[in-house]
Each structure stands twice: as structure tokens, then as C-alpha cells.
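The values are calculated or read from the model by the stated rules, or taken from the named source; none is laboratory data. On a predicted model such as this, the values are computed, not experimentally measured, just so you know. Note: ideal-geometry Cβ built from the backbone for every residue, glycine included; neighbour counts use all protein chains shown. When the accessible area is computed, the model is the full protein with side chains, heavy atoms only, and any ligands, DNA or RNA have been set aside. Shrake-Rupley method; radii C 1.70, N 1.55, O 1.52, S 1.80 Å.
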Amino acid sequence: MKKISKLLLAKQSKAPLFDTLLAHAKRDVVSFHCPGHKNGKGIDRELKDYTGEEVYKFDVTVFDEVDSLHDPVGSIKKAQELMAQAYGVEHSFFLVNGSSVGNIAMFLAACDSGDSVIVSRSSHKSIMAGIIMSGVWPIWIQPKIDQNLDLIFNSTYNQVKDALDRYPEAKAVFITSPTYNGIVTELSRIVDLCHRRGKTVLVDEAHGVHLLFNNQLPESAVSAGADLCVQSTHKILSAMSQGSVLHFNSKLVDFNRVKRVVSMLQTTSPNYLILATLDLARRQAFLRGEENFNRVIKAAEWGRAYINDNINSMKCFTRQEVQKLGFDLDVTKLTVNVTKTGLSGYEIESILAKEYNVQLDYADLFNLVAIMSEGSEKSDVEVFVNALENISEKYRGKQKNWILKIPSLATEMVMRPREVFLSNSTKKVSLKKAAGHVAAQTLTPYPPGIPVVIPGERITKEICDYLIDMSSKDIRVSGQETGMLRTVKVFTN
Ligand SMILES: Cc1ncc(COP(=O)(O)O)c(C=O)c1O
């Protein structure tokens, strides 16, 4: 365990924003400010009967006592400073619209319109929003697929190096790590390479907010030296939904521009309960991250071993297997491959919810993903694996031969996604005749959940054939505007 000085411990034991809000709530101040429920008095009775009234006293607005998110000088400033200290970065910005807004902010802060950015095609949808809003040219990295594990990986060092060699003009590299399944890439090597070449590294670490606080877990993006990094504190630590953080630690990015962008993108009425839980989640992780995540890791490893040893039709990949492939694994994530059951991940997810009172975060055709975090207990894992064992005995589907595959996505970007987004010169053409046209929409089949058509990109025959095949198999394609995918929107000029 890392040695922490008494002074640092004393500083990190404080939660200045929470303390301020608690003191305010206890004073029962007469409210003539927003929000309209006035310290909970106006909240609907049915909701209040369940939750109690006190919690709504935290839902205040900007005034001197509680500080301002956009121009912090008091307890929000102190809370952000403690967050930055805990993560070892220059500055941390509190976000109240999740990592989605943080991803958009990274593009707008680090890149100018017309710059090019190397980015994996398997990124979260907010990355496309960032690309459109900032007006950059995306240089796509084709995600690697492992058909044994039915998994999609994030960008490797070699892929980034190859892209930088081919596109030396790129301004920045955008990496997602960990993935939804907890796969972590070689971030330190990627950051070193990029910095040697003067490139900015932006990291979507939405699922890795806890990594820094436990020695058994893979390296986090802040330790690896990312210039900007976004974390969903609400996903794995104990902040309320939407509570995220953008960390700044850069000599390449202008700090004041990041500040302006973050302020521009966020509401002027932030929810102070979300902000207070960011302050508390940081304190909890700093003081008890090692102990709490040891507990979570132990429970997750127990579940993984139980499934691998006792349920023949299901399998969880291990850290060793992932390391052999050149990645690392956040072992708190429990991915269960269910292809041998003959049922899809979606079907088992639904059975778990309806019959066993177990709700997962994510499932696809092949896998279930159980996200474990600050609040997870071993007893939860017991309920989950017992349910899986029961399902594997009770239900038996016909073995399917689904294969996880994507067409070649190394296609030509003809226009910037922003130009296409703002243009009205579009028409629909039949998929059979779309090859050669420039796409004016995004189409993302599930699986694999990766966009195969992107605005501004030349559509190839291989992609058309792939989409026609998907649609004949009734695979859901996000972005399609009719019941059956027969056409694609293209640019007309
Ligand atoms: C990899 C990744 N990045 C970003 C996000 C967006 O995070 P948030 O829900 O905090 O906006 C998600 C959400 O699931 C995600 O999986």
C-alpha cells in the first residue's frame, strides 16, 4: 500500500462542499431562490413520503454561501482542488452532465476546427458529438476483434504508432480505456510516444475512476500522464448519476480554454447534491479505496472462478488471458460469455431482470457485463451466479453460430462530420446503390455497437453488403429511420 503523509490524509479527510451544504441545510433558510420546490416543501407528496424531505435541502442554487460551479471561489473551488490533489493532476473540473459532456469538452478544448484527431471507431457516442461540434477530421483506428472471447478491444500502442506514422499532422490521439468490459490498454507507452511527437492525449476513462485507488488494479490514465482525462465518478465510485470529472494535466493544452469550454457546455443550474457526492466520493476513494476495492475484487474474482468451475455453458475471461493479448483487465468487471447456452446475452439479461430481480448494466449477443463498484457486496455476486447457474440448467437454446465481425472501416473521409451535419443537401439512396456515395448519417449495428457508416465518409460496397446482411438477420441498427434498413442518407453535392 502507498505511504500517505499525515498532512495529506488530514486534507483528504475533508469534504468542504458537502460540509457547506450540510450546514446550510441544517439552518432551514427561508428560500426565495430556485429551484421551485423550496427546500423540498413543494415536492410531490408520493415521492416525499418515500424519500423524506431533508435531502431536497441540498438542492439549492448559486449564491455566495454555496459557491458557483462556473466561477468557483469558495467550497466548490476547495473541493475541486482536493479532487486534483487526490488524482495528482493540475486541476479537476466537476461535471454535472456525465463523461458525455467531458468528452465533448476535450475535443473543443484541445483541437481547432480542421485539425485531425486519431480516434478508435469503438468509442462512446459522445465522441461523435465532440467530433461534430469541434469540426475536426477523425482518423479512425479499426478496433481489433477477438472471436474466441467475442470481444472488441481498444486501440493498442502499435495501432496508435502506425496511425501517427501515417498521419504525422494529427493534433491529438483520443483513447478509451478501460472499455465497458474493463480492458485497459498500454496507456503509459501511448502517452510517452505521443508526447515525444508533440501530440495531445485525451482519454475517456469513464469506467476507470477507481483504478488509482487500489494497487491490484491496472494503471490509470492520470498516472500514465494523459493531458486531459474524463472519469464517470458516478459509474464506479459513489457519486450520483451525472457526476463526473475532467482532469487537466497538460503542457500542450491551454488551461483557460478548457475552463471556458467546460463552462460553456454546462448548465448554470447545477445540481448541488451531485456536486456534494463528487466531493464525498473523492474522500471515500482516497481514504478507503484500497480496502473497499479489495473487497470488490475478491467478490468479483470469486464470481469469475465459480462460473468458470461450475457453469459449463458460460465462461468469464481472466486477467491472465487478457494480459497474454497485450492488455490488462480491471478485474472488478465481470464479463460472462453465454454463447454456449444457445441464448443471447439480451435474452439472459431479460430473464435475470424478470425472474431473478437482477439488473445488469449491459448485454450483447455474446456477453453479459456485470459492473461492480463501491457499493457492491459478495452477497450480490452470490445472487447473480446462483441465478446464472439456475438459468443454465432451466433454459437451453439451440446453439447459434453467431460470429462477431465488422467490415473494413479504413475508408476515406471526404468531408468533415460537422460539414455534413450542418448541411441540408442530403437524400436517401437504396443500400444496394449506396457504394461510392458520401454518408450523411451514422449507422451502428448492435452487435458490434461500432458505427459502420459515419457522416462524411465514402461508403464502400463491403459496408453496404454487411448492412444488407445485418438487416436480413433482423439485427438492430441504431440510426435507421424506418422499421427495415433499406436506405442510407447520403450527401448530394
Ligand atoms: C466508454 C464511455 N465513455 C463515456 C460514457 C458517457 O458517460 P456518462 O454516462 O457519464 O455521460 C460512457 C457511458 O456509458 C461510456 O461507456
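Take S250 and decide whether it is in a helix (DSSP H, G or I) and either small (G, A, S) or in contact (Cβ under 8 Å) with a residue 40 or more places away in the chain (or both). Steps first, answer last, please.
Numbers: in a helix (DSSP H, G or I): no; either small (G, A, S) or in contact (Cβ under 8 Å) with a residue 40 or more places away in the chain (or both): yes.
Judged against the criteria, S250 is not a match.
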- What do you reckon, is A170 touching a strand residue (DSSP E or B) at 6+ places or on another chain (Cβ under 6 Å) and part of a loop (DSSP other than H, G, I, E, B)? yes
- Message: Return the residues of the range 118-131 that are within 16 Å of the ligand (Cβ to nearest atom) and outside any loop (DSSP other than H, G, I, E, B); say none if nothing qualifies.
- Response: V119, S120, K125, S126, I127, M128, A129, G130, I131
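Just checking: which of the helices (runs of 4 or more DSSP H) contained wholly in the range 255-355 hold 3 or more residues that are out of contact with any strand residue (DSSP E or B) (no Cβ under 7 Å at 6 or more places or on another chain) and aromatic (F, W, Y)?
Working: elements: 255-265, 272-310, 319-324.
Correct list: 272-310.
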- Item | Residue match in the range 366-386 (condition: out of contact with any Gly (no Cβ under 7 Å at 6 or more places or on another chain), surrounded by fewer than 17 Cβ atoms within 10 Å (Cβ to Cβ) and closer than 24 Å to S471 by Cβ) | no
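Among what's in the range 387-419 and is among the β-branched types (V, I, T) and at pLDDT 95 or above, pick the residue that is least open to solvent (accessible area, probe 1.4 Å).
Step one: of the range 387-419, the residues among the β-branched types (V, I, T) are 391, 403, 406, 411, 414.
Next cut, at pLDDT 95 or above only: 391, 414.
Numbers: I391: 1, V414: 53 Å².
Applying the filter and picking the extreme gives I391.
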- R121 fails exactly one of (1) touching a Pro at 6+ places or on another chain (Cβ under 6 Å); (2) modelled with pLDDT of 95 or more, namely (2)
- Message: Within the range 35-54, does at least one residue satisfy the condition of being under 30 Å from H207 (Cβ atoms), under 24 Å from the mean Cα position of the chain (by Cα) and surrounded by fewer than 16 Cβ atoms within 10 Å (Cβ to Cβ)?
- Response: no
- For the range 217-240, what are the residues that are within 16 Å of the ligand (Cβ to nearest atom), in a loop (DSSP other than H, G, I, E, B) and farther than 23 Å from M133 by Cβ? P218, S220, L237, S238, A239, M240
- Message: Among (1) of a type in the set (F, W, Y); (2) open to solvent by 10 Å² or more (accessible area, probe 1.4 Å); (3) within 16 Å of the ligand (Cβ to nearest atom), there is one condition F63 misses while meeting the rest; what is its number?
- Response: (3)
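Step by step: first the residues of the range 183-211, then only those that are in a loop (DSSP other than H, G, I, E, B) and away from the ligand (no atom under 11 Å from the Cβ), then the one that is most open to solvent (accessible area, probe 1.4 Å). Which residue is that? Explain how you work it out, then say what you get.
Start the filter on the range 183-211 by keeping residues that are in a loop (DSSP other than H, G, I, E, B), which leaves 185-186, 197-199, 205-210.
Filter once more, so that each one left must be away from the ligand (no atom under 11 Å from the Cβ): 185-186, 197-199, 210.
Values: T185: 10, E186: 56, R197: 93, G198: 45, K199: 24, H210: 0 Å².
Looking at residues that are in a loop (DSSP other than H, G, I, E, B) and away from the ligand (no atom under 11 Å from the Cβ), I get R197.
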- Item | Restricting the range 100-114 to residues that are of a type outside the set (A, V, I, L, M) and open to solvent by less than 30 Å² (accessible area, probe 1.4 Å), the residue that is farthest from the ligand (Cβ to nearest atom) | C111
